[in-house]
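Novice: Quick one: the structure is below, and I'll ask about it shortly.
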């Protein structure tokens, strides 16, 4: 893990995961990212390529990720979106503009109960 890498964080006891970029390694225990400061124990995954942190159920550029196909070089992701599977976009690392993790989405949604 180094400055400039992307991280997927998760806070113990909460079902919230976020993705951010490491700005500074504060100590052997803490890192500072563009979304906050975290204990290294709360880092679920890290990579220099943000595409490596995407999971099924996340939203990328507004599309829900229903399937991940990393492509030949691992630098492409196929985003399957429901019935439009064959019309779904293929995204390269540089095409990613936004990611909302499935946990972030679930924590913000309002469920209507009958």
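Novice: Applying the selection to the stretch 36-52, what residues are buried (at least 16 other Cβ atoms within 10 Å of the Cβ) and at pLDDT below 90?
Specialist: Matches in the stretch 36-52: 50, 51, 52.
Novice: Related question: Which condition number does residue 31 fail, the rest of (1) within 14 Å of the chain's Cα centre (by Cα); (2) modelled with pLDDT of 85 or more; (3) not in a loop (DSSP other than H, G, I, E, B) being met?
Specialist: (1)
Novice: Given the options 67, 93, name the one that is surrounded by 11 or more Cβ atoms within 10 Å (Cβ to Cβ), at pLDDT below 85 and in contact with a helix residue (DSSP H, G or I) (Cβ under 7 Å, 6 or more places away or on another chain).
Specialist: Values: 67 fails: in contact with a helix residue (DSSP H, G or I) (Cβ under 7 Å, 6 or more places away or on another chain).
Step by step, each of 67, 93 is checked, and only 93 is surrounded by 11 or more Cβ atoms within 10 Å (Cβ to Cβ), at pLDDT below 85 and in contact with a helix residue (DSSP H, G or I) (Cβ under 7 Å, 6 or more places away or on another chain).
Novice: Output the residues belonging to the stretch 1-24 that are surrounded by 14 or more Cβ atoms within 10 Å (Cβ to Cβ), out of contact with any helix residue (DSSP H, G or I) (no Cβ under 9 Å at 6 or more places or on another chain) and not in a loop (DSSP other than H, G, I, E, B).
Specialist: The answer is 20, 22, 23.
The values are calculated or read from the model by the stated rules, or taken from the named source; none is laboratory data. All figures in this text were calculated on a predicted structure; none of them were measured in a lab. When we count neighbours, we look across all protein chains shown, and the Cβ atoms used for this are built from the backbone with ideal geometry, even at glycine.
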